[in-house]
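Take a look at the structure below.
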Amino acid sequence: MTTHRLFLNGEWVDTGTHREIVDPGTGKAFAAISLTDRAGTRRAIEAAEAAREGWTKKTAMQRADILLAAAGEIESRREEIARTVTMENGKPYAQSNGEVSVTIDHLRWFAEEARRAYGRIVPHQAEGKRHLIIRRPVGVTACIAPWNFPLVLSARKVAPALAAGCPVILKPASQTPVCAVQFAECLEKAGIPKGVFQLIAGPAAEIGDELLENPAVRKISFTGSTEVGKSLIEKSAKTVTKLSLELGGHAPVLVFADADLDLAVEGALITKFRNTGQSCIAANRIYVEKSIYDEFLKRFAGKTKALKVGYGLEEDVDIGAMVNREGLDTALAHVQNAVDAGARLVCGGNAADVGSGGGYFLEPTVLADVPSSAECMIEETFAPVAPVVPFETEEEAIREANNTRYGLAAYAFTSDLNRAFRLSESLEAGTIGINDAVPSTSNCPFGGVKESGIGRELGSEGLDAFLETHHVSFGSVG
Ligand code: NAP
């Protein structure tokens, strides 16, 4: 079993304290990671601060070259890295491979965006004055990533921060640090200067407190649960550390009678079951117009039953392991709670027996006629569990879709262009997919409204998040 080291100030460091990493598909440890503590985090911040000026002064093109070289390194190690993602997270290999592709695309996108951190010149109002608006890197940045898309969600923070000229400290989730080690190796090979990128791991709250209380850290970009996000907001009040927060979701899918039904069934299937249902933009509530409800349910359940559950590294697996026992237990409790509340269990609903039996697998599950009081209609189940509910009018569908504290993604299937525009302007979500189950892309902003977060990643907004705007006024020109 390999014990992975941390990447601190240009060195690979074994701290002597380790944590085992469990493969959720087998329930067995397959690797270990070194851990640091608050004092180690402080040293990493000092190293980042020491490296800041040199990195900031590099040209955008020099920074872009390193990101492009890192993308090339990841491409050359694609298979190995995708295997790691599957072993840490449990997702099917093909989806891990897809995650590697999107990671490479993010690195390339932000390498290009680095050259576009434009300022502007504003016409002067007083004689002799001139006004420049310039944008400068925010400073030392900490990136805190979750386990569900461990590689790509790290890259969409690290790449823009580096592109903007900020030194970065990455803290991956405890469950999934090994692909972060490989990511760090690729950045090292690409020539990232000492201290500009560092990888830490260890007790999250302790590390988080140092990152928030240390005045050298100017920005924290966090993806994870709304609860932890709220605690970061509270604690950041002491230092006014800037926060970007990508938090929980509870995405609705609206299927109207005028939709292409095959497209809607396929779309709902993808957005629900991708990543074993453990996606922040996963369909959590599927609302179907009453006149097509039975037909949709029949086709959707038929395709759900045909999904192959299995160990992520096996061929043709659609549904991999859930990340841990806790995730599986929460999903089973949500199913039971929905049935107790009056929902109909159409298929699935049980833990699935796969391989040696040590992993955490759930049968893909469809629940029909789920009352709005059921827990799965209120909170993320984060599992392959699909609640389906009928609606009668567009107004009712929009009202139900928006009846949540979350607002990350929403989907609608319709062939009516006017309705599509009405939905675009009334669904309360940062990302809206109209006849599109996979709306997220490197070149468009991504983020939540309401309790799903603050700020945007990706697109040109993704670079803005790591830049400060400065006004420079010249008093006596000409
Ligand atoms: P989580 O428990 O909030 O953890 C996310 C990250 O925060 C992990 O690295 C975790 O470290 C760290 N963390 C935990 N407590 C912390 C603290 N007090 N201070 C600083 N860092 C702390 O979330 P998760 O269970 O990994 O991820 C699932 C959640 O993320 C879901 O709610 C999902 O919807 C959301 N998510 C949102 C997006 C989005 O783009 N909006 C994308 C993916 C996931 P440890 O692992 O060491 O505890």
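For the reader, a short list of remarks on this structure follows.
- Separation in nanometres of the label points that stand 7 Å from Cα toward Cβ, at K28 and V339: 3.2 nm
- Packing-based ranking, highest mean first, of 445-457, 103-115, 395-407, 56-68 given that Cβ atoms within 10 Å are counted: 103-115, 445-457, 395-407, 56-68
- Expressed as a whole percent, the accessible surface of the range 149-287 that belongs to carbon and sulfur atoms is 57, based on a 1.4 Å probe.
- Scaling against 2.2 N^0.38 Å puts the C-alpha radius of gyration of the range 251-445 at 0.98.
- Its Cα gyration tensor gives the range 227-329 an equivalent ellipsoid; the semi-axes, largest first and in whole Å, are 33, 21, 10.
- Partners for K303 among lysines (Cα-Cα distance below 26 Å; same-chain residues under 8 apart left out): K91, K272, K290
- Shown for the range 38-84: the carbon plus sulfur share of the solvent-accessible area, taken with all protein chains present and a 1.4 angstrom probe, equals 48%.
- Net lengthening on full extension, A216/I378 (0.36 nm per residue, minus Cα-Cα): 54.4 nm
- Between D369 and N97, the simple label model (points 7 Å from Cα in the Cβ direction) yields a spacing of 4.3 nm.
- √(5λ) per eigenvalue of the Cα gyration tensor, the chain, largest first, Å: 39, 29, 19
- Rounded FRET efficiency, nearest 0.05, which uses the C-beta distance separating N418 from A237 and R0 of 41 Å: 0.35
- Solvent exposure of the chain amounts to 40 Å² per residue of accessible area, where only protein heavy atoms count and the probe is 1.4 Å.
- Each of A351 and E20 was given a label point 7 Å from its Cα along the Cα-to-Cβ line. The distance between the two points is 1.8 nm.
- Note on D262 and E461: the extension gain reaches 68.2 nm, defined as 0.36 nm multiplied by sequence separation minus the Cα-Cα distance.
- Distance from the alpha carbon centroid of the range 240-272 to that of the range 412-445 works out to 9 angstrom.
- A straight chain from E53 to T441 at 0.36 nm per residue would run longer than the Cα-Cα distance by 136.5 nm.
- Using just its DSSP H runs of length 4 or more, each adding -39500 (n - 2.57), the chain gives a mean residue ellipticity at 222 nm of -12500 deg cm²/dmol after division by all residues.
- Modelled FRET efficiency - R0 35 Å, V449 with M1, Cβ distances, 0.05 increments: 0.20
- For the peptides 210-219, 433-442, residues were scored by their other Cβ atoms within 10 Å and the scores averaged per peptide; the highest-first order is 210-219, 433-442.
- HN-Hα J in Hz across the range 421-434 - Karplus 6.51, -1.76, 1.60, θ = phi - 60°, x for Gly and Pro: 5, 4, 5, 4, 9, 10, 6, 8, 8, x, 10, 10, x, 9
The values are calculated or read from the model by the stated rules, or taken from the named source; none is laboratory data. Treat the numbers as computed from the prediction; the structure is a model and nothing was measured. Cβ: placed from backbone, ideal geometry, glycine included. Neighbour counts: every protein chain shown. Only protein heavy atoms, including side chains, enter the accessible area calculation; ligands, DNA and RNA are left aside. Shrake-Rupley method; radii C 1.70, N 1.55, O 1.52, S 1.80 Å.
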